[in-house]
Amino acid sequence: IILNFGGSVSRYTLDNELLTSYLKKPDSILVQNDLLSNNFQFFQNIYTARAAIRYQFFTGFFINIGLQQEYAATSFDISKNVNHYPNKYYSTLPFANITRKWENGYSLTASYKRSVQRPGINNLNPSVDYTDPYNTRFGNPYLQPYYSDNIDAGAGYWKKKYNFNIGVGYNALQNIFSSLRTLDTSGKTFTSWYNLSGRKEYEASAFGGVNIGKKLKLNSSASYIYNVYSSH
């Protein structure tokens, strides 16, 4: 039995300053445009703790089981805005895999993993883009991450002269964040980001290779993916 533990701390700060001015021709001076200018800082802190256990039943047959716990927090410090838009969330990410290998070259594997996709600065930034007055854009500072549950299984055969592998997989994605454009009664549109979708993925793949002589190897692969999207 092998136990392992770990953790990490990630601190990210982005300092953004955009000054937009236009030329006032009669006076030949530059006048700052406050609506097209912004000055803000973005903060993102991520703390993770991880624990896993590996157990070997006998040679060539072992299992790994573990859990990763994350805590993430984002916020903004925007000039002339007292709101810091704090956004905090926890992510529990379990994982497991089992492997069986034989001396004659055959192998079987199966795995489960939960992964997280965190929103970035482009998705979260609440500053409004007024470049086009009829089509304004802004981020959603309270956007949540989306998660994916991934299940995979595969079988393989490896020899010195050739190898062949097949695999199947299933992925379930929840609360995917996507941009959404809305039209109001004045004819203007507003675009922002929302957690509003989901997707299920079914996968099958095969690949193999043949050694032709000592300096030439031929590889071939094929895959098939079938996606089922949510109704939104």
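The values are calculated or read from the model by the stated rules, or taken from the named source; none is laboratory data. Not measured: the values here are computed from a predicted model. As a convention, Cβ positions derive from the backbone with ideal geometry for all residues, glycine included, and neighbour counts pool all protein chains shown. To get the accessible areas, we keep the full protein, side chains included, count just its heavy atoms, and leave off ligands, DNA and RNA. Shrake-Rupley method; radii C 1.70, N 1.55, O 1.52, S 1.80 Å.
Assorted remarks:
- Residue 80 vs. criteria of a type in the set (D, E, K, R) and outside any strand (DSSP E or B): yes
- The residue that is most open to solvent (accessible area, probe 1.4 Å), among those in segment 12-43 that are without any contact (Cβ under 8 Å) to a residue 12 or more places away in the chain and of a type in the set (D, E, K, R), is 25.
- The residues in segment 166-208 that are farther than 15 Å from residue 136 by Cα and either out of contact with any Ser or Thr (no Cβ under 6 Å at 6 or more places or on another chain) or not aromatic (Phe, Trp, Tyr) (or both) can be counted, and the count is 27.
- Tallying residues that are among the aromatic types (Phe, Trp, Tyr) and at pLDDT below 80 within segment 12-39 yields 1.
- The residues in segment 177-203 that are assigned to a strand (DSSP E or B), more than 23 Å from residue 127 (Cβ to Cβ) and either among the small types (Gly, Ala, Ser) or touching a Gly at 6+ places or on another chain (Cβ under 6 Å) (or both) can be counted, and the count is 3.
- Subset of segment 155-171 [of a type in the set (Gly, Ala, Ser) and within 29 Å of residue 197 (Cα to Cα)]: 167, 169
- Test: residue in segment 150-171 that is of a type outside the set (S, T, N, Q), touching a residue at least 40 places away in the same chain (Cβ under 8 Å) and either closer than 18 Å to residue 72 by Cβ or in contact with a helix residue (DSSP H, G or I) (Cβ under 6 Å, 6 or more places away or on another chain) (or both): no
- Cross-chain or 6+ apart pairs with Cβ under 9 Å, segment 51-66 first and closer than 14 Å to residue 108 by Cα, then among the aliphatic types (A, V, I, L, M) and in a loop (DSSP other than H, G, I, E, B): none
- The residues of segment 95-137 that are open to solvent by 70 Å² or more (accessible area, probe 1.4 Å) and not in a strand (DSSP E or B), listed by number, are 102, 103, 104, 118, 122, 130, 131, 133, 134.
- Leading residue by the ranking (most open to solvent (accessible area, probe 1.4 Å)) among those in segment 160-211 that are basic (Lys, Arg) and more than 23 Å from the chain's Cα centre (by Cα): 160
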